[in-house]
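One structure is given below, encoded as structure tokens.
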Amino acid sequence: MFFTALAILLSLWMLVKHGRRAVLVLAPSLVRVSADPAAPPRTPAQVAAGEALRALGFERLGARAERSPLRGLDLPSDAWVHRGVGAYADVLALSPRGGGPAYAYFLSGFDDGALVLTANHARLPQSGPAVLAGGLPGATLDGAWRAHQVAVARLAAAHGPPRADGLAARGDLARRWYRGPGRAELRRMFGMSLVSALVALLLFVGSVNLFMRALMH
């Protein structure tokens, strides 16, 4: 019975560890978006990136966060907007190991639902009539911004100019992302968590069954 009880505890631990991310594969709409226009940047890398973005014509909107229940996903960022081009920039509070520029990405949304995302780090590449997304690992903010403008121009020919406004509109665009191309990205990121959670669930059910049988004899 001791080892069966140990298996139950282990399976519960696995369910908590992997389940909080596995649920995002099944229900990406659980991601919650929040914003605070008065909050300052969280890291020196965000401050430095903000100076570069301001030089590119962006203005700061405030702090943002995209989180899921139990923090399976936790992405605090510093939000910027370029209304003239119709693009947002998010500078994540995370930085590459060993220092270096903060992770950042540009996101543009079109009125008909089309989306363009360009990051200076690895992202799931996606290409279609209504989406162009991907990352350029190691790119400078200026380089990623130029690539983003090229991608926006490609879709603008069929979808019209993108629009960008304040934090509320940025939140709406984030939710649109997770309802669309972001679903595939979450599945790639957390697919193994779903497998691990299912294995843990089977282990839990089997262990509880053995434990109850042992108690009855």
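The values are calculated or read from the model by the stated rules, or taken from the named source; none is laboratory data. These numbers come from a predicted model, not from an experiment. Here the Cβ is made from the backbone with ideal geometry for all residues, glycine too, and neighbour counts use every protein chain on show. Ligands, DNA and RNA are stripped out before the accessible areas are found, and what is left, the full protein with its side chains, is counted by its heavy atoms. Shrake-Rupley method; radii C 1.70, N 1.55, O 1.52, S 1.80 Å.
The table that follows gives values for the structure above.
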read-out	value
Odd one out for Ala114, checked against (1) among the aliphatic types (A, V, I, L, M); (2) within 23 Å of Pro28 (Cα to Cα); (3) crowded, with 18+ Cβ neighbours inside 10 Å; (4) at pLDDT below 95	(4)
Qualifying positions in segment 157-171 - in a helix (DSSP H, G or I), buried (at least 17 other Cβ atoms within 10 Å of the Cβ) and among the small types (Gly, Ala, Ser)	Gly171
Failed item in (1) at pLDDT 90 or above; (2) open to solvent by 80 Å² or more (accessible area, probe 1.4 Å), with Gln126 passing the rest	(2)
Strands (runs of 3 or more DSSP E) lying entirely in segment 47-152 (those with 3 or more residues that are under 18 Å from Leu186 (Cα atoms) and out of contact with any Pro (no Cβ under 7 Å at 6 or more places or on another chain))	74-82, 104-109, 115-119
Segment 4-46: number of residues that are in a helix (DSSP H, G or I) and more than 18 Å from the chain's Cα centre (by Cα)	16
All positions within segment 43-85 that are open to solvent by 40 Å² or more (accessible area, probe 1.4 Å), at positive phi and touching a strand residue (DSSP E or B) at 6+ places or on another chain (Cβ under 6 Å)	Gly57
Test set (1) under 21 Å from Leu61 (Cα atoms); (2) in contact with a helix residue (DSSP H, G or I) (Cβ under 8 Å, 6 or more places away or on another chain); (3) at pLDDT below 95 - Tyr103 fails condition number	(2)
Only listed residue being crowded, with 22+ Cβ neighbours inside 10 Å, within 20 Å of Ala49 (Cβ to Cβ) and in contact with a helix residue (DSSP H, G or I) (Cβ under 8 Å, 6 or more places away or on another chain), chosen from Ala93, Ala139, Ala89	Ala89
Matching entry among Gly138, Gly86, Gly109 (being farther than 17 Å from Trp177 by Cβ, over 15 Å from the mean Cα position of the chain (by Cα) and not basic (Lys, Arg))	Gly138
